[in-house]
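Below you'll find the structure, written out as structure tokens, and then a few comments.
The values are calculated or read from the model by the stated rules, or taken from the named source; none is laboratory data. Just so you know, these numbers come straight off a predicted model, no measurement behind them. Note that we place each Cβ from the backbone using ideal geometry, even for glycine, and neighbour counts take in every protein chain shown. These accessible areas exclude ligands, DNA and RNA; they are computed on the full protein's heavy atoms, side chains included. Shrake-Rupley method; radii C 1.70, N 1.55, O 1.52, S 1.80 Å.
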Amino acid sequence: MTATDVISLTEKMEGKDLLAELEPVAAREVDRHMKVAVDWMPHDYVPWDEGRNFAFLGGEDWDPGQSELSETAKAAMITNLLTEDNLPSYHRVIAENFSLDDAWGFWVGRWTAEEARHSIVMRDYLVVTRGVDPVELENTRLVHMTHGYDPIDHAREVHKLEPAFHQHTALEMLLSVTYVSFQELATRVSHRNTGKACGDPIADRLLQRVAADEHLHMTFYRNIVSAALDVVPDLAMAAIYSIVSNFAMPGATMPNFRRNAVLIARDGIYDLPQHRTEVLEPVLKKWRIFTRDDFGPTGQYYRDELAKFLAELDVKVDKFEASRERALERLQAKADRDRARARS
């Protein structure tokens, strides 16, 4: 199986044709979303009475001692917030690969507006409670948003898609919608666990609300891919394999991501085992990837490749869990030694 086989599939259906085919599904999913979505106000979730001026207005600038968050909670909150901040990049990718007409256009706008609330409420919480350095947060935001993020760049490289194919193929559309199917769920898991790690009931409630939005967004995209599997199963399977085997969170390009990711994984906010069991597994099961009987040779090839990738991932999960256990044991031993020295 070569990249040519995948590209040849796109010649049978342009992106606009697939969008037209799936528009009734999109309309149904928009209706479902609007019935269950909760209109909430970001300002309701922020403890404004904890706020005070910074030095520019005669107050006091941020000091590390003002934060009540652990290092892991700080890393997770910053990573999650900067991920939400980069919404313009995600909007561009979705808008380029979706139509802005009919249900597709309404969804692009509604999804963007709902996602914007997440960065608003998280930043307000962190600034008001002085959870993190606001200057560093702003400088990092500028760097991250200037760089931008396109989640399907790597998939384009894998399939050797020429620039002429960009924004015109059904494969491009499927790559984008498949990515957000997994990414929205991954973000939900991360937000939910970050709320618990903060040790603050207000932060926990705030991030529960954000996580609930992410789940609804995931459901929309997941159901679109389900419908696409019925219309173009081979092409959808190629997109699914591409995204799963090359998946990276949208924060992967932000400053200090590797350092923050280590803390986040070590303390169970978002790690490889969770990615496997709480993100990949339930979505692939919902799509019936390993029980479908409608794949042709191309789809079957990519399903087999996906099975191999998941088997290799299981080995990595086992190694990760063993490595984390050793790291936690070392941290506990150090803490015990420090306590012993403090008593002596």
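Every residue, every condition in (1) surrounded by 21 or more Cβ atoms within 10 Å (Cβ to Cβ); (2) of a type in the set (Ser, Thr, Tyr); (3) in a helix (DSSP H, G or I), yes or no:
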{"site": "His191", "(1), (2), (3)": "yes, no, yes"}
{"site": "Ala236", "(1), (2), (3)": "yes, no, yes"}
{"site": "Ile243", "(1), (2), (3)": "yes, no, yes"}
{"site": "Ala261", "(1), (2), (3)": "no, no, yes"}
{"site": "Ile264", "(1), (2), (3)": "yes, no, yes"}
{"site": "Ile269", "(1), (2), (3)": "yes, no, no"}
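Contact annotation: residue pairs with Cβ atoms under 6 Å, 6 or more positions apart or on different chains, pairing a residue in region 35-64 that is over 26 Å from Glu115 (Cα atoms) with a partner that is open to solvent by 80 Å² or more (accessible area, probe 1.4 Å) and modelled with pLDDT of 95 or more, are Phe54/Asp61; Ala55/Asp61; Gly59/Arg52; Gly59/Asn53.
Keeping to region 289-332, report how many residues are part of a helix (DSSP H, G or I), at pLDDT 95 or above and open to solvent by 100 Å² or more (accessible area, probe 1.4 Å). Qualifying residue count, region 289-332: 2.
If you go through region 123-139 and keep only what is surrounded by fewer than 20 Cβ atoms within 10 Å (Cβ to Cβ), part of a helix (DSSP H, G or I) and in contact (Cβ under 8 Å) with a residue 60 or more places away in the chain, you end up with Asp124, Val127, Val128, Pro134, Val135.
Are there any pairs with C-beta distances below 7 angstrom linking a residue in region 105-122 that is of a type in the set (Val, Ile, Thr) to a residue that is surrounded by fewer than 20 Cβ atoms within 10 Å (Cβ to Cβ) and not in a helix (DSSP H, G or I), with the two at least 6 apart or on different chains, and if so which? Here the result reads Val108/Leu100, each pair linking region 105-122 to a residue that is surrounded by fewer than 20 Cβ atoms within 10 Å (Cβ to Cβ) and not in a helix (DSSP H, G or I).
Going by the structure shown, is Val158 at pLDDT 80 or above and open to solvent by 10 Å² or more (accessible area, probe 1.4 Å)? The answer is no for Val158. Every condition in (1) more than 30 Å from Leu142 (Cβ to Cβ); (2) surrounded by 17 or more Cβ atoms within 10 Å (Cβ to Cβ); (3) touching a residue at least 60 places away in the same chain (Cβ under 8 Å) holds for Val279 except the one numbered (1). Within region 95-147, the set of residues being charged (D, E, K, R) and closer than 30 Å to Leu22 by Cα comprises Glu96, Asp101, Asp102, Arg110, Glu114, Glu115, Arg117.
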